[in-house]
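Notes follow once the structure below has been shown.
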Amino acid sequence: MRIKALPPQLINQIAAGEVVERPASVVKELVENCFDAGATQIYLGWSVSADGSEQLFEISPASHPQGTTVEVRDLFYNTPARRKFLKTDKTEYAHIENLIHRLALARTDIGFVVQHNQREVLNLKPVRNEAEHLERLAAILGPEFQQHAIAIEFSASGLRLKGWVAKPTFSRSQADMQFFYVNQRLVRDKLIAHAVKQAYQDVLYHGRHPLFVLYLEMDPASVDVNAHPTKMEVRFREGRSVHDFLFQALYRGLADQRPNSALELAVDSPILEQVNIQQTELPLSTERSINAPAAYQQQRFSREGRADPLSKIQIAEQMQAYSRLIPETEVVASAVQAIPPLGLAIAHIHNIYILAETADGIILVDTHAAHERISYERLKHQYAQQTMVSQPLLLPLKLAVNPSEAEMVEQDPEFWLNLGFELNRSGPTALILRAVPALLSKTDVEKLIRDILADLSVEGSSRRSEETMNAVLATMACHGSVRAKRRLTIEEMNALLRDIELTERSGQCNHGRPTWIKLNHQELDRFFMRGK
């Protein structure tokens, strides 16, 4: 590559627009100049020496192996006053390291090697495929990010988003591992931050921050990258469209995270070594005793891979038979049986946690948290579709409230009807309730109404945003969920497990806490030091 020397006046004009705050500023300019050169290798055969005071530079040939070496010394030779603003060597190096991380994630086609104090601290090879891209992410964000990463790929209206976000249960106390690139340029933008926050709003624990590395590709003419002196902020021509696009892409990516589909057990599965699933003649109601989505259809897989549908009664019978026979030790497997992703229930521990056995380990489920998510997603769907089912009360319920709460109900009865409540004002400080959402018919509806009124009083108008409505629906779901310490039957537990498998965002409750955890054989063996 031929390098052309610029005239001193142009050099000074360029330099006037660059502020060297710290050593990282120089590193940034040098690395970005390499990007602008359009090559991963730069060939130089010349040297230049300058202290900033010269008008003309003397360029002379230099002996140098293939490549380019730039050495920076006495950075503030001409501005010694700036030295006192520098932090410790460790802090200044941390700024350089963070900068290299950001640049290395922007240009994955370029290799990076970082040495510090004569020690190699980072060696990133050019990325050629998605697997190597994930390896680079693991080298920068840590190996656990790779284990908890969710791939995102979404395109619409000339916009394309690719990258990875971490599962909500893998979050941080600081927003220090968030990398968002627009046309390969790292940006920190309020519009982008709001879209991400909305997508994570009911799956992330309070006060925590998600991790992500995302790449947005769009028409360069649709975004102004010179909106801020540092070029970290951008201005989109169609900001609302970009916001909605980002929200939908991330929301769907998070919502689609469910337990894996049912897998056929191998002939030598440990479960088949212990249990022979048999049919039972015990009468069993097919109606579920906990609120849940419509019954699912499980499939039985033959050894050749053909699928035969089972009736609800057959499913329940096999689950009950499995639960009865699991303690038995002297049974012989006679058939290959499909085991659902979250396994089959064994016990309700302390009336709080469901213990289930899977094909390759065990599952522990927080009953209330899981059912809360299921109820919440059902309520959100019914509210969005305006299909909230109401159930009339046998006797109307009268509630005493304060005047402002009574006024709030009277001003917007449609708001309550859309939620499934028939609630009206019957006096200056009185309300009368005649119907409730069918999903919540067995809850303490008086307490629920008072909690919703309290939420609305804080928010103000009942003409609410989606975020506020979701908060109201979350309150309703919490009241309608299985309470802790209530003993569930095997049938109820298995029904709940199946609903978790079918429900969006079921890995976390409405407050961002995990709803279930899995321990495989290897993890269990490690706890007990088996095989050592």
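Long-range amide H contacts for V401: which residues qualify at under 5 Å (H placed 1.01 Å from N, peptide plane, sequence gap of 5 or more or a different chain)?
When sequence neighbours closer than 5 places are left aside, the close amide H contacts are A430, L431.
Of the listed peptides 492-502, 88-98, 25-35, what is their order by residue-averaged count of other C-beta atoms within 10 Å, with the highest listed first?
Highest mean packing first, the order is 492-502, 25-35, 88-98.
For segment 48-193, just say rounded, prolate or oblate: build the C-alpha gyration tensor, square-root its eigenvalues into a ≥ b ≥ c, call rounded for a/c under 1.5, and beyond that prolate if a/b exceeds b/c, oblate if not.
Prolate, since a/c reaches 1.5 and a/b exceeds b/c.
Short version: ³J(HN,Hα) in whole Hz for each residue of segment 431-442, in order, from phi by Karplus 6.51 cos²θ - 1.76 cosθ + 1.60 (θ = phi - 60°), x for Gly and Pro, what are they?
Per-residue couplings from phi come out as 10, 10, 10, 10, 8, 10, x, 4, 5, 10, 5, 9 Hz.
What lysines does K447 reach when the alpha-carbon gap must be under 29 Å and sequence neighbours fewer than 8 apart in one chain are set aside?
K380, K398, K485
Could you pull out the chymotrypsin sites (Phe, Trp or Tyr not before Pro) across segment 463-532 that fall in loop regions by DSSP (anything but H, G, I, E, B) with no more than 15 other Cβ atoms inside 10 Å?
Qualifying residues, ordered by number: F528.
About its Cα centre, what dipole magnitude does segment 352-393 give when the only charges are +1 on Lys and Arg Cβ and -1 on Asp and Glu Cβ, stated in debye to the nearest 20?
Charge dipole of segment 352-393: 300 debye, to the nearest 20.
What does the C-alpha gyration tensor say about the overall shape of segment 393-483? Classify as rounded when a/c is under 1.5, otherwise prolate if a/b is larger than b/c, or oblate.
Here segment 393-483 falls in the oblate category.
Could you tell me what percent of the accessible area of segment 414-527 is made up of carbon and sulfur, with a 1.4 Å probe and every protein chain present?
Of the solvent-accessible surface of segment 414-527, carbon and sulfur hold 51 percent.
The values are calculated or read from the model by the stated rules, or taken from the named source; none is laboratory data. Not measured: the values here are computed from a predicted model. Quick reminder, even Gly has a Cβ in these numbers, built from the backbone with ideal geometry, and neighbours come from all protein chains shown. What goes into the accessible areas is simple: the full protein's heavy atoms, side chains included, and nothing from ligands, DNA or RNA. Shrake-Rupley method; radii C 1.70, N 1.55, O 1.52, S 1.80 Å.
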